[in-house]
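Colleague: Just dropping this structure here.
The values are calculated or read from the model by the stated rules, or taken from the named source; none is laboratory data. Computed from a prediction, not measured in an experiment: that's the story for all the values here. A quick note on method: Cβ atoms are made from the backbone with ideal geometry, for glycine too, and the neighbour counts reach across all protein chains shown. Just the protein is used for accessible areas: all its heavy atoms, side chains included, with ligands, DNA and RNA removed. Shrake-Rupley method; radii C 1.70, N 1.55, O 1.52, S 1.80 Å.
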Amino acid sequence: MSINNSNKIHLFDSHIHLDDHNFRENLPELLADARTQNVCRWIIPATTVQTFKDIHTITEQHDGCYAAYGLHPYFIHMHTDEDLAILKTTLMQYDPIAIGECGLDAMIAEPNMEKQLYFFQAQIKLALEFDLPLIIHARKTVDLVLKEIRKHPTLRGVLHSFSGSLQQAEIALQHNFLLGFGGTITFERAQKLRSILKHLSLDNFIIETDAPFQRGAYRDNGLNYPEDLFTIAKSIASIRQEPLELIAQATFANTQKLFKLKDL
Ligand SMILES: [Zn+2]
């Protein structure tokens, strides 16, 4: 791979909400800032059908941006069967790299887990039908998510912003799912997560900001930014006591492989 022969660091943000209203005014500047920090690829997962068009437009206007379309459990009160039909049409029309983000969230005000499961299972079905990886959000629901994943041996994807146990991590890995790590890992109090990260092999994980959400220890207040992926990668390198170059190269390659993307 070309990246192996280069000393230049390239970072791939596997999960970032570039369509968020906080980024709308100055997206070109934010991406330019990120590029100065060696961040050059971005996957933008959708949240509701209302976000699909904006995300598609961003991928057309900015180099290095890839779209995923899906229905996020946080907005479960909004999703309808018609939205699932729109999702399917969008998958056919825009040929995205993944379905997401989808999943289960037990922390929202009115979880309505039955409805969440219905939409999660419907998106798993679409992932199998379209042969696409899933970008999964699992907040206090990792066991429930793993139970669904285990039903489908050919399913693949990522558990984004992973927050489970080492045992859960191993089950996910056995079932073709990588783990996504972001700003949370930069907090010293995240000891459990850090020890899991140390146990993993280099091909088990990818990195993300989830910006503008999930700010790490590197900012006292405000938003998480695209350029912050560099600090996250440095933090991971120091936790694992490996060179930043190695973390960058491995996570970049892992992301490309999972989402079937071409080399730089
Ligand atoms: Zn997200």
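Colleague: What are the residues whose amide H is under 5 Å from the amide H of residue 205, where those residues sit 5 or more places off or on another chain and H is modelled from the backbone?
Modeller: Residues meeting the criterion, in which the H sits 1.01 Å from N, are 179.
Colleague: Which of the aspartates and glutamates could a cross-linker span from residue 257 if the Cα-Cα distance has to be under 13 Å and same-chain partners fewer than 8 positions apart are dropped?
Modeller: Here the aspartates and glutamates satisfying the reach criterion relative to residue 257 are 203.
Colleague: Where does the stretch 11-258 land on the Kirkwood hydrodynamic radius, alpha-carbon pairs, in angstrom? Could you put the intermediate results ahead of the total?
Modeller: Numbers: mean 1/r = 0.0557 Å⁻¹.
The Cα-based Kirkwood calculation yields 18.0 Å.
Colleague: Please go through the stretch 149-232 and write out the GluC sites (Glu not before Pro) that DSSP classes as loop and that have at most 15 other C-beta atoms within 10 Å.
Modeller: Sites meeting the loop and neighbour criteria: 188.
Colleague: Could I ask something else about it? Under 10 Å, Cα contacts only: if you run a Gaussian network model on the chain, which one of 114, 242, 101 comes out with the highest mean-square fluctuation?
Modeller: Looking only at 114, 242, 101, the largest GNM fluctuation is found for 114.
Colleague: While we're here: To the nearest 20 debye, what is the magnitude of the charge dipole of the chain about its Cα centre, counting +1 on the Cβ of each Lys and Arg and -1 on the Cβ of each Asp and Glu? Write down the numbers at each step before the final one.
Modeller: Details: 25 positive and 32 negative charges, 174 e Å.
Roughly 840 debye, rounded to the nearest 20.
Colleague: Looking only at Cα atoms, what is the convex hull volume of the stretch 36-162 per residue, in Å³?
Modeller: 116 Å³
Colleague: Sequence-distant or interchain residues sharing an amide H contact under 5 Å with residue 187, placed H: which?
Modeller: So residue 187 has HN proximity to 217.
Colleague: What list of ³J(HN,Hα) couplings, whole Hz, do you get for the stretch 224-233 from phi and the Karplus terms 6.51, -1.76, 1.60, once you set θ to phi - 60° and write x for glycine and proline?
Modeller: After applying 6.51 cos²θ - 1.76 cosθ + 1.60, I find 8, 10, x, 5, 5, 4, 4, 5, 4, 5 Hz.
Colleague: Among 218, 112, 178, whose Cα lies farthest out toward the positive end of the dipole of the stretch 11-258, if unit charges sit on the beta carbon of Lys, Arg (+1) and Asp, Glu (-1)?
Modeller: Of 218, 112, 178, it is 178.
Colleague: Read phi for every residue in the stretch 109-124 and hand back ³J(HN,Hα) as whole Hz from Karplus 6.51 cos²θ - 1.76 cosθ + 1.60, θ = phi - 60°, with x for Gly and Pro.
Modeller: The phi angles translate into 4, 10, x, 6, 4, 5, 5, 4, 4, 4, 6, 5, 5, 5, 6, 4 Hz.
Colleague: Another question, if that's okay. Among 76, 97, 108, whose mean-square fluctuation peaks in a Gaussian network model of the chain (Cα, cutoff 10 Å)?
Modeller: Among 76, 97, 108, the largest GNM mean-square fluctuation belongs to 108.
Colleague: In this model, which of 88/260; 115/260; 140/192 are farther than 27 Å apart at the alpha-carbon?
Modeller: Correct reply: 115/260.
Colleague: For the stretch 205-236, which trypsin sites (Lys or Arg not before Pro) are in a loop by DSSP, counting at most 15 other Cβ atoms within 10 Å?
Modeller: Taking the stretch 205-236 and a limit of 15 other Cβ atoms within 10 Å, the loop trypsin sites (Lys or Arg not before Pro) found are 219.
Colleague: From the phi angles alone, apply the Karplus equation (6.51, -1.76, 1.60; θ = phi - 60°) to the stretch 23-32 and give each ³J(HN,Hα) in whole Hz, x where the residue is Gly or Pro.
Modeller: Calculated HN-Hα couplings, in order: 9, 4, 5, 9, 4, x, 5, 5, 6, 5 Hz.
Colleague: Starting from the Cα-Cα distance between residue 26 and residue 113, subtract it from 0.36 nm times their residue separation and give me the gain in nm to one decimal.
Modeller: Details: separation 87, 0.36 × 87 = 31.32 nm, distance 3.70 nm.
Taking residue 26 through residue 113 to full extension adds about 27.6 nm, to one decimal.
Colleague: Take the solvent-accessible surface of the protein heavy atoms, probe 1.4 Å, and return the percent of it on the chain that carbon and sulfur atoms account for.
Modeller: In the chain, the share of accessible area belonging to carbon and sulfur is 48 percent.
Colleague: A further question on this structure: Quick one: which residues, 5+ away or cross-chain, put their amide H under 5 Å from the amide H of residue 67? H built at 1.01 Å from N.
Modeller: Counting only residues 5 or more places away or on other chains, the set is 44, 97.
Colleague: May I pose another question? For the chain, what is the accessible area per residue in Å², given a 1.4 Å probe and the full set of protein chains?
Modeller: 46 Å²
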